[in-house]
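Student: Please find one structure pasted underneath; my questions will follow.
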Amino acid sequence: MKRIGLFINGQSVPSETGKYFQVLNPATKEVVAEVAEGNEDDVNKAVSAAAAAFNQTEWAVNKDLRYRVLNRLAAILRESLPELVELESMMTGRPIREMKAQLSRLPEWYEYFASVAKTLEDAVPPFGGEFVNYTNRIPLGVVALVTPWNHPLLILTKKLAPALAAGNAVVVKPSENTPVTTYFLAELAQEAGVPAGILNVVQGYGAVVGKALTSHPSIEKVDITGGTETGRHVAAAAGYNLSKVSAELGGKASVLVLPDANLEEAVNGSAFAAFIAAGQTCVQGSRILVHESMYEDFIDKFIAKAKKLLMGDPKKFDTDIGPVISEKQYKQILSYIQIGQEEGAVLAFGGTAPEQDELANGYFITPAIFTQVTNSMRIAQEEIFGPVTCVMKYSSMEELISIANGTEMGLAMSIWTNNVRDAHWLANRLEAGIVWINDHHRIDPSSPWGGFKNSGIGLENSIQCYKDYTKTRNVIVNISRQHFDWFDGTTQEKRYS
Ligand code: NAD
């Protein structure tokens, strides 16, 4: 069995207490690895190492170095994908086909943000008078990245690539459920030339390591992805320290099927939205809003589609759905399935343990489809984070908008239609940071990702995210050949602002 240390100052080290915790494969409950369990002292060590590296290495001041190193990291990462895909699938239980598709795109983030760092121009504000004014973007210093378990390397990469490209030093706290690949990514970064101390990883529990890191006074920015309640605690601590905060939090995404939509395409899209990653995505299509004219047909076809999804061993390439991450999550999902029935919704399909004996050891739940759901029910409002979705009926565009916007979350939605006018009209009325039209889940390093309402604050991806990892130094130059003396004893009018 593998034992994995903390990664501090370019080295694998045990934690201060010498303790380890186990990472389990949710498909089998077998131990994947034992990982060093950090605490406050380890966080302090990592933050000090990061601060020293930020001040003493060339990283913060040499953009060309960062450009070269991040492109090298992208290349090394591409070569290391098979091992990382396998490990990530073992830790998360997500089917190997999903992990391969997801991880194969990660190098693009390092390439994209390396290019942004290399090409982004600073401003020359039109200051007026005999002044030249220019701005310089400089890195923030030491930043903290806290990640969840559902897409361990993707979410880390969405934060790490811009943070490093902008010249910061980083301390990462991965989820206690899935910390293994984060450690290996740090080793690959070192191999690519990231100086020791610029990237550190402290594994451990949220209430200990996460809390110590995100409330550390030397942290200039906290970037977290996690549940909404976690985000509130972290943002409050960051607020006290006056550090920047970016928080990608919970979701309750609607899939809006318009009356003209191609039924088959909408059904396939809804299944993709609702059941990929066993529904454990922040943008999971957990509310499918279907026009009354096609509601019955949609449900029949949607159930038929769900029946065909192959639940099984994540290692097999034909597996569509794997287990959910943990016993805690498994129990939470089953309790929501019960709550839905108690609220009067109809469990039209799934929501049970699978029949196959070989899956009995893992946390498997068959895809669950609720019908007869109203928008005020808890299953329609609260994030379940599992393979459970609610199909709801609407009769007019006004009702559709009211249901779609009728949650406290505002991360993402998708619209399914062939009517270009309605698609854009509707997109501009939805309270969500991301709106897909005839698609769901798509992502690109150039394309902003962030939630409205209780789904978070700040952005991942895009040039804006890079800028958020910098601060601006504004340089104002007086180029006048006249010497300036405000107190020259005259009462001449002068510009002083
Ligand atoms: P979580 O909130 O339990 O944990 C997220 C991370 O925060 C973990 O590393 C955890 O250890 C740490 N943490 C927990 N308590 C902390 C504290 N008090 N201080 C500092 N750190 C703390 O979330 P999870 O169960 O790992 O992930 C699922 C959640 O993440 C869902 O709500 C999901 O919607 C959300 N998510 C959002 C996005 C997005 O882009 N908006 C993407 C993926 C997941």
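Student: What residue, among those in region 365-389 that are of a type in the set (Ser, Thr, Tyr) and over 23 Å from the mean Cα position of the chain (by Cα), is nearest to Gly410 (Cα to Cα)?
Tutor: Restricting to residues being of a type in the set (Ser, Thr, Tyr) and over 23 Å from the mean Cα position of the chain (by Cα), the top hit is Ser376.
Student: What's the number of the only condition in (1) of a type outside the set (Lys, Arg); (2) under 25 Å from Val475 (Cβ atoms); (3) touching a residue at least 40 places away in the same chain (Cβ under 8 Å) that Glu121 fails to meet?
Tutor: Among (1) of a type outside the set (Lys, Arg); (2) under 25 Å from Val475 (Cβ atoms); (3) touching a residue at least 40 places away in the same chain (Cβ under 8 Å), Glu121 violates only (3).
Student: Let me ask something else about it. Restricting to region 320-335, what's the tally of residues that are more than 24 Å from the chain's Cα centre (by Cα) and touching a residue at least 24 places away in the same chain (Cβ under 8 Å)?
Tutor: Final tally of qualifying residues: 1.
Student: How many residues does region 29-55 hold that are under 26 Å from the mean Cα position of the chain (by Cα) and within 30 Å of Met311 (Cα to Cα)?
Tutor: 6
Let's see how each residue does on (1) over 14 Å from Ala196 (Cβ atoms); (2) surrounded by 19 or more Cβ atoms within 10 Å (Cβ to Cβ); (3) in contact with a strand residue (DSSP E or B) (Cβ under 7 Å, 6 or more places away or on another chain):
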residue: Thr17; (1), (2), (3): yes, no, no
residue: Tyr20; (1), (2), (3): yes, no, yes
residue: Val23; (1), (2), (3): yes, yes, yes
residue: Val35; (1), (2), (3): yes, yes, yes
residue: Asn62; (1), (2), (3): yes, no, no
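Student: Okay, moving on. Tally the residues that are under 21 Å from Trp416 (Cα atoms) and in a loop (DSSP other than H, G, I, E, B), restricting the search to region 436-447.
Tutor: The number of residues fulfilling the criteria is 8.
Student: Within region 396-415, which residues are in a strand (DSSP E or B) and free of Cβ contacts under 8 Å to residues at least 60 places away in the same chain?
Tutor: Of everything in region 396-415, just one residue is in a strand (DSSP E or B) and free of Cβ contacts under 8 Å to residues at least 60 places away in the same chain, namely Gly410.
Student: Answer yes or no as to whether Glu58 is crowded, with 19+ Cβ neighbours inside 10 Å, touching a residue at least 40 places away in the same chain (Cβ under 8 Å) and acidic (Asp, Glu).
Tutor: Numbers: crowded, with 19+ Cβ neighbours inside 10 Å: no; touching a residue at least 40 places away in the same chain (Cβ under 8 Å): yes; acidic (Asp, Glu): yes.
Spelling it out, it is not the case that Glu58 is crowded, with 19+ Cβ neighbours inside 10 Å, touching a residue at least 40 places away in the same chain (Cβ under 8 Å) and acidic (Asp, Glu).
Student: Would you check which residues across region 92-125 are more than 16 Å from the ligand (Cβ to nearest atom), among the hydroxyl-bearing types (Ser, Thr, Tyr) and buried (at least 23 other Cβ atoms within 10 Å of the Cβ) and list them? Steps first, answer last, please.
Tutor: Within region 92-125, the subset more than 16 Å from the ligand (Cβ to nearest atom) is 95-97, 100-101, 104, 107-108, 110-125.
Still in the running and among the hydroxyl-bearing types (Ser, Thr, Tyr): 104, 110, 112, 115, 119.
Residue satisfying the conditions is Tyr110 alone.
Student: Right, next: Of all residues in region 173-193 being in contact with a strand residue (DSSP E or B) (Cβ under 8 Å, 6 or more places away or on another chain) and of a type in the set (Ser, Thr, Tyr), which is nearest to the ligand (Cβ to nearest atom)?
Tutor: Across region 173-193, the extreme among qualifying residues is Thr178.
Student: Additional query: Please state which of the following conditions Lys393 fails to meet, knowing it meets all the rest: (1) assigned to a loop (DSSP other than H, G, I, E, B); (2) surrounded by 17 or more Cβ atoms within 10 Å (Cβ to Cβ); (3) of a type outside the set (A, V, I, L, M, F, W, C).
Tutor: Condition (1) is where Lys393 drops out.
Student: In region 456-471, how many residues are in a strand (DSSP E or B), touching a helix residue (DSSP H, G or I) at 6+ places or on another chain (Cβ under 9 Å) and more than 10 Å from the ligand (Cβ to nearest atom)?
Tutor: 1
Student: Out of curiosity, is Tyr134 away from the ligand (no atom under 15 Å from the Cβ) and among the hydroxyl-bearing types (Ser, Thr, Tyr)?
Tutor: Taking the combined requirement at face value, the residue satisfies it.
Student: Just give me the residues in region 24-39 being under 25 Å from Lys316 (Cα atoms), among the charged types (D, E, K, R) and either assigned to a strand (DSSP E or B) or in contact (Cβ under 8 Å) with a residue 60 or more places away in the chain (or both), in sequence order.
Tutor: Hits for region 24-39 are Lys29, Glu34.
Student: Glu265 fails exactly one of the following numbered conditions: (1) crowded, with 20+ Cβ neighbours inside 10 Å; (2) in contact with a Phe, Trp or Tyr (Cβ under 9 Å, 6 or more places away or on another chain). What is the number of that condition?
Tutor: Status for Glu265: all satisfied but (1).
Student: Which of (1) in a loop (DSSP other than H, G, I, E, B); (2) within 16 Å of the ligand (Cβ to nearest atom) does Val170 not meet, given it meets every other one?
Tutor: Condition (1) is where Val170 drops out.
Student: Can you tell me which residue within region 286-334, out of those that are among the polar types (S, T, N, Q) and within 30 Å of Ala261 (Cα to Cα), is surrounded by the most Cβ atoms within 10 Å (Cβ to Cβ)?
Tutor: First, pick out the residues of region 286-334 that are among the polar types (S, T, N, Q): 286, 293, 319, 326, 329, 332.
Those still in the list that are within 30 Å of Ala261 (Cα to Cα) too: 286, 293, 319.
Numbers: Ser286: 29, Ser293: 12, Thr319: 20.
Only one residue tops the list, namely Ser286.
Student: Here is a list of conditions, (1) surrounded by fewer than 19 Cβ atoms within 10 Å (Cβ to Cβ); (2) of a type outside the set (Phe, Trp, Tyr); (3) within 14 Å of the ligand (Cβ to nearest atom), and Asn438 meets all of them except one; can you say which number that is?
Tutor: Condition (3) is where Asn438 drops out.
Student: Let me ask something additional. Has region 126-149 got any residue that is without any contact (Cβ under 8 Å) to a residue 60 or more places away in the chain and loosely packed, with under 15 Cβ neighbours inside 10 Å?
Tutor: To start, the set of residues in region 126-149 that are without any contact (Cβ under 8 Å) to a residue 60 or more places away in the chain comprises 126, 128.
If we keep only those that are loosely packed, with under 15 Cβ neighbours inside 10 Å too, we end up with 126, 128.
Looking through region 126-149, at least one residue is without any contact (Cβ under 8 Å) to a residue 60 or more places away in the chain and loosely packed, with under 15 Cβ neighbours inside 10 Å.
A short reminder: the numbers here are calculations on the coordinates, not readings from a lab. On a predicted model such as this, the values are computed, not experimentally measured, just so you know. Note that each Cβ is placed from the backbone with ideal geometry, even for glycine, and that neighbours are counted across all protein chains shown.
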